[in-house]
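Novice: Have a look at this one before I ask anything.
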Amino acid sequence: MNGAILVFWVIVALCAVKSAAFFALARFDPVNRPALWFSGAFLAAGISFLGEIVLATGFAPGPTRMVIAVAMVIMFVLIAHGIARRYRIDMPAGGGLAIVAASSLLYYLILDLPRADFTRQMLYQIPYALLSFLALSVISRARSKAWYDWLFMALFALIGLHFLGKPFLARWAGGVGAEPSAFSATLYAGLSTASGAILLLILSSAGLALLLADTAGRLIRRAERDAQTGLLNRAGFATHADRQLLTLAQAEKPHEERRDVALTLIAVNRPTQPRTREQSAAALAALILSVAPRDALIGRMADFEFAILAPGSNLFAARHTAEELRKKLRARLGEMEGGLTLSIGITEREPGDLYADLLARGLWALEEAERAGGNCVRLAAHSQFDPLGIRQG
């Protein structure tokens, strides 16, 4: 067994493992549809490299060469479609079929040309290069790109240039072999296969890491969400609020007085019937979403307790919004079930405040609203007072 054949076997095993990994990811996270496309892509790549091993035996060289060439085209088409779905870029499936058909016709016409012909070698590599640049162009059309998206674009550019450089490498290395079965014994086969294996390993590992990160992100977001209302749950709200307020605190200048975030806590007395409780909670969440500022954090803190953290808002703006919210919610909930009361407590961020500081004052204001009989709004205006001391007094 020569070195090129050994590398071919290694690549086939790698493709099988990566295809299985992408397939398992797609089964675990059905929303991650790009993983299925990547699974099919690396299965096609494995078939192509398996064809190289069969070709070295001299078995059916004509059909085998077609399988090798077309399977690799299918791999790149499936990768391009997977990337398009991951970045939510429109790419019709019919376009991929047309590319495979056109490439198949091209290979049918050129595979029997002299193997040493430079034009034949370049035409053989052009579909792979163009499909690599197609994947690059799909990512470039994404509206917002993270640093790793630029790395993927650079990787596909490198893969495309790698294919365009293969005819020059073949000329420098002494050719691709007089016969198809002699290809694996050439220096060019060893160099081309080794470089291709490295790029394939990088592409498959990076793609798997990207899709795993997407799934992990979805799981984290799902864990932070309340299943009944779709709002952030208590832990999720605390995490995001802490992060947002910590960022604001770090950006503050010394002696700067900024009151630019308001925390609103909402509580409704609980309906007694379970079905009514579910309907009331969903209705309450929907109404809060409809009237809260667009960039606000909204969370469900308990069964019928909600929180709104509104950046760019102060105590008085939040009170105006709360009064409007109270009127609308009271009218709607009154239609659903009589006797409901709505209490709202509001506080605002002061210099150096973190989430725990706002929450303590907001809860005090909410308790004051509930002690007043509900259906009212109470404020906790200053951090100088001690809520615990007031309760004890």
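Novice: Restricting to the range 103-117, name every residue that is open to solvent by less than 60 Å² (accessible area, probe 1.4 Å) and modelled with pLDDT of 85 or more.
Specialist: Hits for the range 103-117 are SER103, SER104, LEU106, TYR107, ILE110.
Novice: Then there's this: Across the range 284-297, which residue is modelled with the lowest pLDDT among those that are more than 22 Å from GLU350 (Cβ to Cβ) and open to solvent by 20 Å² or more (accessible area, probe 1.4 Å)?
Specialist: VAL291
Novice: Same structure, new question: Counting just the residues of the range 220-239 that are without any contact (Cβ under 8 Å) to a residue 40 or more places away in the chain and open to solvent by less than 80 Å² (accessible area, probe 1.4 Å), which one comes out farthest from ALA283 (Cα to Cα)? So that I can check it myself, show each step before the final result.
Specialist: From the range 220-239, those without any contact (Cβ under 8 Å) to a residue 40 or more places away in the chain are 220-225, 227, 235, 239; that's our starting set.
From what's left, open to solvent by less than 80 Å² (accessible area, probe 1.4 Å): 223-224, 235, 239.
Numbers: ALA223: 22, GLU224: 20, ALA235: 22, THR239: 25 Å.
Among those that are without any contact (Cβ under 8 Å) to a residue 40 or more places away in the chain and open to solvent by less than 80 Å² (accessible area, probe 1.4 Å), it is THR239.
Novice: Right, another one. Going through VAL77, VAL70, VAL54 one at a time, which residue ends up being aliphatic (A, V, I, L, M) and either in contact with a Cys (Cβ under 7 Å, 6 or more places away or on another chain) or at pLDDT below 90 (or both)? Full working, then the answer.
Specialist: Values: VAL77 fails: either in contact with a Cys (Cβ under 7 Å, 6 or more places away or on another chain) or at pLDDT below 90 (or both); VAL70 fails: either in contact with a Cys (Cβ under 7 Å, 6 or more places away or on another chain) or at pLDDT below 90 (or both).
Among VAL77, VAL70, VAL54, only VAL54 is aliphatic (A, V, I, L, M) and either in contact with a Cys (Cβ under 7 Å, 6 or more places away or on another chain) or at pLDDT below 90 (or both).
Novice: Still on this structure, please answer the following. Please list, ordered by first then second residue, the pairs with beta carbon atoms under 7 Å, 6 or more apart or interchain, first in the range 288-312 and small (Gly, Ala, Ser), second open to solvent by 40 Å² or more (accessible area, probe 1.4 Å).
Specialist: So the pair list comes out as GLY299/ARG234; ALA310/PRO293.
Novice: How many residues does the range 305-338 contain that are outside any helix (DSSP H, G or I) and either surrounded by fewer than 19 Cβ atoms within 10 Å (Cβ to Cβ) or at pLDDT below 80 (or both)?
Specialist: Going through the range 305-338, the residues outside any helix (DSSP H, G or I) turn out to be 305-314, 337-338.
This time we only want the ones that are either surrounded by fewer than 19 Cβ atoms within 10 Å (Cβ to Cβ) or at pLDDT below 80 (or both), so: 305, 311-314, 337-338.
Residues in the range 305-338 being outside any helix (DSSP H, G or I) and either surrounded by fewer than 19 Cβ atoms within 10 Å (Cβ to Cβ) or at pLDDT below 80 (or both): 7 in total.
Novice: Can LEU78 be described as surrounded by fewer than 21 Cβ atoms within 10 Å (Cβ to Cβ) and part of a helix (DSSP H, G or I)? Even if it seems obvious, please write down each step before you answer.
Specialist: Values: surrounded by fewer than 21 Cβ atoms within 10 Å (Cβ to Cβ): no; part of a helix (DSSP H, G or I): yes.
Criteria not met by LEU78.
Novice: Now, a different point. I need every pair where a residue in the range 105-129 that is within 14 Å of ARG65 (Cβ to Cβ) has its Cβ under 9 Å from the Cβ of a residue that is acidic (Asp, Glu) and surrounded by fewer than 17 Cβ atoms within 10 Å (Cβ to Cβ), sequence separation at least 6 or different chains.
Specialist: These pairs meet every condition: ILE110/ASP117; ARG115/GLU179.
Novice: Also: When you go through ALA170, ALA135, ALA142, ALA154 one by one, which is the residue that is surrounded by fewer than 14 Cβ atoms within 10 Å (Cβ to Cβ) and either part of a loop (DSSP other than H, G, I, E, B) or of a type in the set (A, V, I, L, M) (or both)?
Specialist: Details: ALA170 fails: surrounded by fewer than 14 Cβ atoms within 10 Å (Cβ to Cβ); ALA135 fails: surrounded by fewer than 14 Cβ atoms within 10 Å (Cβ to Cβ); ALA142 fails: surrounded by fewer than 14 Cβ atoms within 10 Å (Cβ to Cβ).
Being surrounded by fewer than 14 Cβ atoms within 10 Å (Cβ to Cβ) and either part of a loop (DSSP other than H, G, I, E, B) or of a type in the set (A, V, I, L, M) (or both) holds for just one of ALA170, ALA135, ALA142, ALA154, which is ALA154.
Novice: Among the listed residues ARG88, ARG65, which satisfies the condition of being closer than 24 Å to VAL10 by Cβ and basic (Lys, Arg)? Let's see the steps before the verdict.
Specialist: Numbers: ARG88 fails: closer than 24 Å to VAL10 by Cβ.
Only one candidate passes the filter, namely ARG65.
Novice: Another question about this same structure. Under 8 Å by Cβ, and 6 or more places apart or on different chains, what pairs join a residue from the range 161-184 that is within 12 Å of ALA116 (Cα to Cα) with one that is modelled with pLDDT of 80 or more and of a type in the set (Phe, Trp, Tyr)?
Specialist: Listed by first residue and then by second, the contacts come to PRO167/PHE118; ARG171/PHE118.
Novice: Quick check: anything in the range 347-356 under 21 Å from ALA281 (Cα atoms), surrounded by 15 or more Cβ atoms within 10 Å (Cβ to Cβ) and either within 36 Å of the chain's Cα centre (by Cα) or at pLDDT below 55 (or both)? Please lay out each step first, then the result.
Specialist: Taking the range 347-356 as the starting set, the residues that turn out to be under 21 Å from ALA281 (Cα atoms) are none.
No.
Novice: Could you say whether any residue in the range 36-52 is within 24 Å of LEU123 (Cβ to Cβ), open to solvent by 60 Å² or more (accessible area, probe 1.4 Å) and β-branched (Val, Ile, Thr)?
Specialist: Scanning the range 36-52, I find at least one residue that is within 24 Å of LEU123 (Cβ to Cβ), open to solvent by 60 Å² or more (accessible area, probe 1.4 Å) and β-branched (Val, Ile, Thr), so the answer is yes.
Novice: Moving on to the next point. Assess whether VAL70 counts as being within 26 Å of the chain's Cα centre (by Cα), open to solvent by less than 60 Å² (accessible area, probe 1.4 Å) and closer than 19 Å to LEU200 by Cα.
Specialist: For VAL70, the condition - within 26 Å of the chain's Cα centre (by Cα), open to solvent by less than 60 Å² (accessible area, probe 1.4 Å) and closer than 19 Å to LEU200 by Cα - is not met.
The values are calculated or read from the model by the stated rules, or taken from the named source; none is laboratory data. This one's a predicted model, so the numbers in the text were calculated from it and none came from an experiment. Because the Cβ atoms are built from the backbone with ideal geometry, glycine has one as well, and the counts that use them run over all protein chains shown. Please note that ligands, DNA and RNA were not included when accessible areas were found on the heavy atoms of the full protein model with its side chains. Shrake-Rupley method; radii C 1.70, N 1.55, O 1.52, S 1.80 Å.
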